[in-house]
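Read the figures in this text as sums done on the coordinates, not as results from a lab. Fair warning: this is a prediction, and the values are worked out from it, not measured in the lab. Here the Cβ is made from the backbone with ideal geometry for all residues, glycine too, and neighbour counts use every protein chain on show.
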Amino acid sequence: MIDDRDAPQHPYAALTPDVVLDALAAVGLAGDGRLMALGSYENRVYQVGLEDGTRVVAKFYRPGRWSEAHILEEHAFAAELAQAEVPVVAPLALAGQTLHHHGGFAFSVSPWRGGRQPELDDFEVLEWLGRFLARLHTVGSRAPFVHRPVLDVQRFGTASRDWLLAHDAVAPEVRGEWRSLCEDALALIAAGACPAGATSRFGLQSATSIRVHGDCHPGNVLWTPADAAGGGPHVVDLDDARMGPAVQDLWMLLSGERRQRTQQLSALLDGYEQVRDFDRRELALIEPLRTLRLIHYSAWLARRWSDPTFPIHFPWFGTSDYWRGQVGMLREQIAAMQEEPLSA
């Protein structure tokens, strides 16, 4: 992951509305002046009205984050999903290409498609999501990514911890405690976290890696009414697609107390297993994956802090209270990783 703090001026400072409209004009799309920034922090994404009355979504990739090979592999995966009739908003091929360059930025253009977050307290919706993800994973299992990374302890956990400590990003009053808890948590994950006294372990290194969405939280899965054409769930962002276990795309859809999460997981897997087999051993990875995301998220915020949008939207980051909260959550995760995993 790149560190925005290495740049003398943040690269997105040059991405003005005129640059966005000129970029679209360069690929044959005439904007009508309507331009609305959408909720994306890693990249810059805009809904743009065109002169013919339609709308498109223009995505300007964060400079230095992905190589062209990484981005094109994302686009190829989206096209493969669309060809298999898995609902996904794939980039448009304009002049025979899905990736374009203008003003120092790489960008793509997709059709605009609306929707809302799915109702995750509705078990019928969860079952439908399970079938949807199984279809996505059926395509994802056909071939590996060549360029995109693997979700592993080193990339998400160890590297994130080391960067935060090397850059003095952790509040001094809890740095030692945070470091110690991180080391304990990462050691558990690397060894294959399991309940105390258990003799069998199943870790990330044991799981089968397939192409997964990678960041399948409710905001990245939009829902349209079942009575609408093409109703149901669809994917709007494959920016974090990578190799990983199938359960990576399921666990972020779970919330609440253990009983609630168990019921939600049962509904998801009821749908999933109507389409594709699921290795139940991967359920032991839910809490390790949650722990890795916790550590990685802090590093992501710290690396992006020079981007003006981050202090605006995450004003609480970096405070003593924030890091004390992280210490508390790491303690909870260490305990959770040693409990019996969820079952369904």
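What to note about this one:
- Computed magnitude of the charge dipole of the stretch 270-344 (debye, nearest 20; Cβ of K, R +1, Cβ of D, E -1): 420 debye
- Radius 12 Å from Cβ of HIS137, net charge of other residues (Lys, Arg +1; Asp, Glu -1): 0
- Residues MET329, MET337 arranged by fewest to most Cβ contacts within 10 Å: MET329, MET337
- For the options ARG131, ARG304, ARG259, a Gaussian network treatment of the chain with springs between C-alpha atoms closer than 10 Å singles out ARG259 as fluctuating the most.
- Cα-based shape type of the stretch 4-111, given that a ≥ b ≥ c are square roots of the gyration tensor eigenvalues and the cut on a/c is 1.5: oblate
- Per-residue ellipticity at 222 nm, computed for the chain from helices alone with -39500 (n - 2.57) per DSSP H run of at least four residues, works out to -11500 deg cm²/dmol.
- Residue (of VAL56, PHE123, PHE107) at the positive-pole extreme of the stretch 9-123, dipole from beta-carbon charges: PHE107
- Most fluctuating residue given options THR309, THR291, THR98, as computed from a GNM of the chain linking Cα atoms under 10 Å: THR309
- Extension reserve of the ASP52-HIS313 stretch, reckoned as 0.36 nm per residue once the Cα distance is removed: 90.5 nm
- Whole-number percent relative contact order across the stretch 187-339, with pairs defined as alpha carbons under 8 Å at least 6 apart: 26 percent
- Convex hull volume of the C-alpha atoms in the chain, normalised per residue: 139 Å³.
- Net dipole in debye of the stretch 123-337 [+1 Lys, Arg Cβ; -1 Asp, Glu Cβ; about Cα centre; nearest 20]: 380 debye
- A simple charge model with +1 on the Cβ of Lys and Arg, -1 on the Cβ of Asp and Glu and nothing else charged puts the dipole of the stretch 4-111 at about 260 debye relative to its Cα centre.
- The stretch 29-108-the stretch 236-312 distance, computed between alpha-carbon centres (Å): 24 Å
- Scanning the chain for GluC sites (Glu not before Pro) in DSSP loops with at most 13 neighbouring Cβ atoms within 10 Å leaves 120-256 as the longest stretch between them.
- For the chain, modelled as a GNM whose springs connect Cα atoms under 10 angstrom apart, the maximal fluctuation among ASP121, ASP237, ASP249 occurs at ASP121.
- Placing pseudo-labels 7 Å out from each Cα toward the beta carbon at GLU332 and THR138 gives an inter-label distance of 3.7 nm.
- Between ALA13 and ASP321, the FRET efficiency from the beta-carbon distance, with R0 = 41 Å, is close to 0.85.
- For the stretch 61-147, the mean projected area of the C-alpha convex hull, equal to one quarter of the hull surface, is 7.3 nm².
- In the stretch 160-315, a dipole from Cβ-located charges (positive for Lys and Arg, negative for Asp and Glu) runs towards its positive end, and of LEU165, HIS213, PRO233 it is LEU165 whose Cα lies farthest in that direction.
- Three-way shape label, the stretch 268-344, alpha-carbon gyration tensor, a/c 1.5: oblate
- Value of relative contact order over the stretch 4-111, rounded to a whole percent, pairs C-alpha under 8 Å and six or more apart: 22 percent
- Each of ILE295, ILE312, ILE71, ILE334 was scored by other Cβ atoms within 10 Å of its Cβ. Arranged with the fewest first, they read ILE312, ILE334, ILE71, ILE295.
- Label-to-label distance, nm, for residues given as GLU273 and ALA191 (7 Å Cα→Cβ offset): 3.1 nm
- Ordering TYR272, TYR46 by the number of other Cβ atoms within 10 Å of each residue's own Cβ, fewest first, gives TYR46, TYR272.
- Using a simple spin-label model with pseudo-atoms 7 Å out from Cα toward Cβ, SER266 and GLU42 lie 3.4 nm apart.
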